[in-house]
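Undergrad: Before I ask anything, let me first share the structure, which is written out below as structure tokens.
The values are calculated or read from the model by the stated rules, or taken from the named source; none is laboratory data. Because the structure is predicted, anything quoted here is derived from the model rather than measured. Don't worry about glycine lacking a Cβ; one is built from the backbone with ideal geometry, like all the others, and counts go over all protein chains shown. We work out accessible area using only protein heavy atoms, side chains counted, and drop any ligands, DNA or RNA first. Shrake-Rupley method; radii C 1.70, N 1.55, O 1.52, S 1.80 Å.
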Amino acid sequence: MAADFSKPYDPKEVENRTYQAWLKAGYFNPDKLKTKGKPYTIVIPPPNVTGSLHMGHALNATIQDILIRKKRMEGRRALWIPGTDHAGIATQNVVEKSLRKEGIFRHELGREKFLEKVWEWKEKYGNIILDQLKKLGASCDWSRTRFTMDPEYQKIVAETFAHYFKKGWIYRKERVISWCYRCRTSLSDLELEYQETKGNLWFIKYPLAETTGHMVVATTRPETMLGDSAVAVHPKDERYANLVGQFIILPLQNRKIPIIADRKIEKEFGTGAVKVTPAHDMLDAEIGADHNLAIYKIIGPDGKMTKEAGSLFEGLKIEECRKKVVEELKRQNLIEKVEEYSHNISTCYRCHTLIEPMPSLQWFLKMDGLAPRASAAVSGKKVVFHPDRWKKVYLSWLKNVKDWTISRQIWWGHRLPVWFCANAKNKSPDQELFTVSSRKPKQCPFCQNCEMLQSEEVLDTWFSSALWPFATLQYDARDFKKFYPTQTLSTARDIINLWVARMVFSSLEFTKKIPFKDVIIHATILTKDGQRMSKSLGTGIDPINLINLYGADATRFGLIWQAMKNQDMHWAEESLLAGKKFLNKIWNASRFVLERVEKSGLKTAANPKFPSNKLTGADTKILKKLEFAVQNTDKNIEKYNFGQALHDLYDFFWHDFCDTYLEAAKKQLEDPKLKLQTQKILLHILTTSLKLLHPFIPFVTEEVWSALPIAQKQMLIIESWPKKR
RNA sequence: GCGCGGUUAGCUCAGUGGUAGAGCAUUCGCUUGACGUGCGAAGGGUCAUAGGUUCGAAUCCUAUACCGCGCACCA
């Protein structure tokens, strides 16, 4: 169907119709392309099925689509794999929240019923997300749509876990970890967010045991004193040199605890003497381990004080307990002073509840074998960040990385492929009899006759995301062979470590190859005021609203128009308006050309030759500019300078072609000697421009293309990319 | 505390050693047959501040300020 130029450009109608035409033609699937070119693969960063897509996703999808479309036009077998991520804690939380509105509580439903609800949610939002991508014009191969909890994917996850375990790199241990008592699960250090908080620094007197007098310790968390098992000072702190080795009577608990020396203590902070709570502080846990101190778990997984906190405090919430402890200490005149103090507290990145460090039996993945390889891939330029500076973020994390806490105590996610002997249930947890296997063992290796129970725990959602580039291709061995490794990954800066680094080491471990060559870190979209776009703040913009208002092409244009190499971009809707106007310009310029050209001598879309001795000054100039535009666009896309490429194309098409050449052409067309050649040049500039613009604004270009009077025409989406001379 | 960005026209951003640019907004003029979602023209910036290098700096260097981000600390 040819475009109808008697009407103004109607993006909605054209976009729907054109997308259907592409789908029908099957060009999104590289297997259906006639080309035998080298494969070019991109895997989409799978959006979380927590909800619909935001502007950042739209920008990212546009970037990937530009690359895929260009490569497809270059004759590569371009494959863009779409999909979504189950996003463990995040999705569990939103479903829980939505159920609560109906008065339903997760624990009342039970695991199985609750998971049914989550799957319903996933079905709904997963599809919304994929529809949004389609509306935007994303040329993904939908026949290869993946989800991180597909049966095939689950199998791969289980196998990787078993592989690591067999290698001795996954282990189970009780250790002080970060615990979110609202989500009721452990978290890794990357899942913490720090918030600057104003609080107090309490100076508490701890009476000496053997002699009169006391030591003063400073703390921001007085309630944790209930779990203290020592007071520590720096070994070279002369103020306390004579006290080291003596004992303190811990107030409220009436416990005799030692005064120890440890180099981790800073003399300058507070009084230089620190209370040590090995159960509820990371640093104290280390000190406790080094000095073999007792561990008192005074806070439970529910965020309430335990029996060990003492009868006065048991059952209180942390904040309540803090008040009460302070009251008690005041009553006993043990508070020397209180200072105002502002510090960072860690919170859960999904619900922003205060994180409580506590000892917990968890599964860990050792990093000392994996991290150096991931570092080497980037420092050896096998994997390259764009812009380059982001490699610092990546490398510095890997340099100091701690073992990865991979188990989570939630319901939604990949169950650990760990099997417990049901008959050994009464053993204490660390003596439990278990075996690791990607499939349920037929027979219990311990008692030979029980039905083995699978672990209730699930994996950190990022454990499965880390396998994405190869797991998505391993559903079919031929795909993996053909399309892996992928070429380019485009993503946001906040998941460089959470996701990118982990994909690199996982891929190196399981495929012996890097998962991708280039990593594009695109700008983060902020509101005009510099706020983060977020639904809860009401500052977010739904790309679908923009698509309805301006069309997908204009939305893509607006996003890319602003996508320079900054790390942030302040959202300016005007750029979409600029896009809309530009589409109109293309539409009308095309109408002009087509009206004047009608039956020209052009038979193919390939580069025609123009004898230079017959060209007018205007002809020569525009052809030269066109040649530059071809080179420049190609170069800018290859260097991932998408915004620059679009600005230059805009300038070329509007000002060089429309404002200048079209005006000159009007006169030339009246001259019989120049007419035919001018027609040819007009058509040539238009066809080449449409090709160059297609990756950015695919719909309008395809629509205009359909009207070109060229024989042997294919759809623009698979036409050849203009060649550099 | 360490590191990374940013600071250029009213707004959003390019420019990156040699007389300041774009889009949007503003003002003025155009019912010329592709387009008024347009055309032509105009106004508007001591390029954050202070030093330095240079014949010459918005552009390089060094500080400082403010905004943002990350890491560490967070007793």
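Undergrad: Quick check on my link table: of A:K236/A:K323; A:K71/A:K580; A:K71/A:K565, which ones sit more than 29 Å apart, alpha carbon to alpha carbon?
TA: Long pairs (Cα-Cα over 29 Å): A:K236/A:K323.
Undergrad: In whole Å, what is the distance between the alpha-carbon centres of region A:403-424 and region A:295-365?
TA: Taking the Cα centre of region A:295-365 as reference, the centre of region A:403-424 is 27 Å away.
Undergrad: Quick check: at a probe of 1.4 Å, how many percent of the accessible area of chain A sits on carbon and sulfur atoms? Can you show the working numbers first?
TA: Values: 16310 of 32430 Å².
Roughly 50 percent of what the probe reaches on chain A is carbon or sulfur.
Undergrad: In degrees between 0 and 90, to the nearest 10, how far off the longest principal axis of chain A does helix A:111-136 point, with axes built from Cα atoms?
TA: Once rounded, the angle reads 30 degrees.
Undergrad: Which trypsin sites (Lys or Arg not before Pro) in region A:398-500 pass both tests, a DSSP loop state and at most 10 other beta-carbon atoms within 10 Å?
TA: Answer in residue order: A:K442.
Undergrad: Express the Stokes-Einstein translational diffusion coefficient of chain A in µm² s⁻¹, to the nearest whole number, given a Kirkwood radius over alpha-carbon pairs, 10 °C and a viscosity of 1.306 mPa s.
TA: My calculation gives 54 µm²/s for D.
Undergrad: Over region A:242-373, what is the mean sequence separation of C-alpha contacts under 8 Å (at least six apart), divided by residue count, expressed as relative contact order in percent? Don't skip to the answer; put the middle values down first.
TA: Working: 123 pairs, mean separation 19.8, N = 132.
Relative contact order of region A:242-373: 15 percent.
Undergrad: For chain A, what relative contact order do you get, as a whole percent, if you take Cα pairs closer than 8 Å and at least 6 residues apart? All intermediate terms of the calculation are to be shown ahead of the outcome.
TA: Working: 1313 pairs, mean separation 116.6, N = 725.
The value is 16 percent.
Undergrad: Sticking with this one: Need one number: % antiparallel among DSSP beta bridges in chain A, to the nearest 5.
TA: Once the DSSP bridges in chain A are tallied, antiparallel ones form about 75 percent.
Undergrad: Pulled fully out, how much extra length does the chain show between A:S342 and A:T660, if you take 0.36 nm times their separation in residues and subtract their Cα-Cα distance?
TA: Full extension from A:S342 to A:T660 adds 108.2 nm.
Undergrad: To the nearest 10 degrees, how steeply does helix A:55-73 sit against the main Cα axis of chain A, on a 0 to 90 scale?
TA: 50 degrees
Undergrad: Please enumerate, by chain and number, the lysines with C-alpha under 28 Å from the C-alpha of A:K117, excluding those fewer than 8 residues away in the same chain.
TA: Straight-line reach from A:K117, under 28 Å: A:K97, A:K101, A:K134, A:K135, A:K155, A:K440, A:K535.
Undergrad: Using a 1.4 angstrom probe, figure out how much accessible area chain A has per residue, in square angstrom, rounded to the nearest whole. Don't skip to the answer; put the middle values down first.
TA: Values: 32430 Å² over 725 residues.
Ligands and nucleic acids excluded, the figure is 45 Å² per residue.
Undergrad: Further question on the same structure: Apply 1/(1 + (r/R0)^6) to the Cβ-Cβ distance of A:R239 and A:E319, taking R0 = 30 Å, and write down the FRET efficiency to the nearest 0.05.
TA: 0.35
Undergrad: Rounded to a whole number, what is D in µm²/s for region A:410-546 from Stokes-Einstein with the Kirkwood radius over alpha-carbon pairs (25 °C, 0.890 mPa s)?
TA: Rounded, D is 130 µm²/s.
Undergrad: Loop-only GluC sites (Glu not before Pro) in region A:630-725, please: DSSP not H, G, I, E or B, and at most 13 other Cβ atoms within 10 Å.
TA: Sites meeting the loop and neighbour criteria: A:E670.
Undergrad: Between the DSSP loop rule and a limit of at most 13 other Cβ atoms within 10 Å, which trypsin sites (Lys or Arg not before Pro) in region A:191-271 are left? Spell out each step's value before the answer.
TA: Details: sites: A:K198, A:K205, A:K236, A:R239, A:R255, A:K256, A:R263, A:K264, A:K267; in loops: A:K236, A:R239, A:R263, A:K264, A:K267.
Passing both the DSSP loop test and the Cβ count: A:K236, A:R239, A:R263, A:K264.
Undergrad: Measure nothing fancy, just the Cα-based angle from helix A:11-25's long axis to the longest principal axis of chain A, in degrees from 0 to 90, nearest 10.
TA: Tilt of helix A:11-25: around 90 degrees.
Undergrad: Could you count how many Lys pairs in region A:639-703 have their Cα atoms under 16 Å apart, skipping same-chain pairs fewer than 8 positions apart?
TA: 4
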